[in-house]
């Protein structure tokens, strides 16, 4: 409760500019009261608040005069971010809300922090795997007055970099929440190909559920199936097997690897098969090479 006269340094705390007709205070007053309560020393916000700053400084002075202590925080203002076309991002339109970025776009918190910590500076925008690195590199003096433009493709690139650097322990519970009882071998196999964590589900289905293979040359696939080595399989299995298929068929390069990838995964790209093949397993691989849905 603030007690004492309502007018200090020319600021009237009952001014209708600060209080609604029904007696509720506006942001201009409420924000200052909150900052005083938390002993805020620095206020960094968008340049759309520049017009509020002079009034709020007066309110700070008035409240401190009532309390007999405190000082006015240091203010700084960033230029507002625009979209790729130069239009401003509006929270009223739901433009790039944190909820949307997290739940709909699958953006990792550290990817967004890495992006926003450098957007508007001359520094290279690179993914960081820990908050401490961002804090150590941050320098408000590096931010220019020009309007920075938000690039969703750049943010997705950073998101992929963050995921590629995460250990299995950091994502185990989240993978389980997406319906994958994954282990470290699976994560290490698929993470270099992920842009979003949810993309892992696609490769889980490839390695653990039935799919219909793509086979353009049944004879080639049958030869490859006959050369599958016995289990157990490891990272060296792929090389040994494809060398045997190469010797038996004369195929090499794309003519060797693409038909095998299509038969095993029904996709023409993806994680390295030296790590993916042991996850698929011999029985499933044999059936797929035979043209079966497995």
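Bear in mind these aren't lab numbers, they're just calculated from the coordinates by the rules spelled out. Since the structure is predicted, the reported quantities are computational estimates derived from the model, not experimental observations. Cβ sites come from the backbone with ideal geometry, for glycine too, and all protein chains shown count toward neighbours.
Observations on the structure shown:
- More than 22 Å apart - percent of Cα-Cα pairs taken over the chain: 71 percent
- Inverse mean reciprocal Cα-Cα distance (Kirkwood Rh) of the range 218-289, Å: 12.0 Å
- Beta bridges per DSSP with both ends in the chain, % antiparallel, nearest 5: 40 percent
- Cβ-derived FRET efficiency at R0 45 Å, residue 105 paired with residue 243, nearest 0.05: 0.60
- A crude spin-label estimate for the pair residue 216 and residue 134, with each label 7 Å from Cα along the Cβ direction, gives 4.5 nm.
- Set against the 2.2 N^0.38 Å expectation for a compact globular protein, the range 19-113 has a Cα radius of gyration ratio of 1.38.
- Stretching residue 21 away from residue 257 to a fully extended chain increases their span by 77.6 nm, per 0.36 nm per residue minus the current alpha-carbon distance.
- Compared with the alpha-carbon gap, the fully stretched path from residue 236 to residue 39 is longer by 64.8 nm at 0.36 nm per residue.
- Compared with the dominant principal axis of the Cα atoms in the chain, helix 27-37 is inclined by about 90°.
- Computed from the Cβ-Cβ distance with R0 of 25 Å, the FRET efficiency linking residue 142 to residue 83 stands at 0.65.
- Cα-based helix-to-principal-axis angle, 50-67 vs the chain, degrees rounded to 10: 60 degrees
- Subtracting the Cα-Cα distance of residue 125 and residue 184 from their residue separation scaled by 0.36 nm leaves 18.3 nm.
- Nearest 10 degrees, 0 to 90: helix 152-164 Cα axis against the chain principal axis: 60 degrees
- Here the average projected area of the convex hull drawn through the C-alpha atoms of the range 91-164 stands at 5.4 nm².
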